Amino acid sequence: MIKKLMLAVATLVASMGFAFAQVDVNKADAAALDSVKGVGPAMSKAIIDARTKGGDFKDWSDFQKRVKGVADKRAAQLSKAGLQVNGQSKEGAPMAAASAEKAAPAEKTAKPAKSSAKPADMKAGKSAT
């Protein structure tokens, strides 16, 4: 029983990684595009058609011009969900969860060192050194 529970938890954790994967519009197929929240079969077809006609998307503004129905607000939502253009997220959009998790350790600051001075010494103006 415990093995089945552990397997279920491991499967859940592994599948969560796929939900936050970054997907580049220039490299992804229809299935990968569909995996991004907010992109359905119609939009993935429109993205692939635009990419086939005009080549790779240069940046987010090029993507928004060529894919009908993607204005700034929707582009920011798609970027937040993990969609990228040439490996770049939309400027001004929050980072996707996977990127935020990777960046979090770098953003941690060190805890301030504890002072060995006792509160009574601090009041009197004495230092611990």
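Derivation of every value follows stated rules applied to the coordinates shown; laboratory data play no part. As the structure is a computational prediction, the values presented were derived from the model and not from experiment. All Cβ positions, even for glycine, are placed from backbone atoms using ideal geometry, and neighbour counts span all protein chains on display.
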*Round to the nearest 0.05 the FRET efficiency obtained for Lys3 and Asp34 when R0 = 35 Å and r is the Cβ-Cβ distance.*
0.60
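How far, in nm, would the chain grow between Lys45 and Asp59 when pulled straight, counting 0.36 nm per residue and subtracting the alpha carbon separation? If you can, show how the numbers build up before the last one.
Details: separation 14, 0.36 × 14 = 5.04 nm, distance 1.88 nm.
Fully extending the segment from Lys45 to Asp59 adds 3.2 nm.
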*With a/c under 1.5 counting as rounded, go ahead and sort the range 22-90 into rounded, prolate or oblate using the C-alpha gyration tensor (a ≥ b ≥ c being the square roots of the eigenvalues; past the cut-off, prolate if a/b is larger than b/c, else oblate).*
rounded
*Between Glu91 and Lys73, with labels modelled 7 Å along Cα→Cβ, what's the label distance in nm to one decimal, could you check?*
2.2
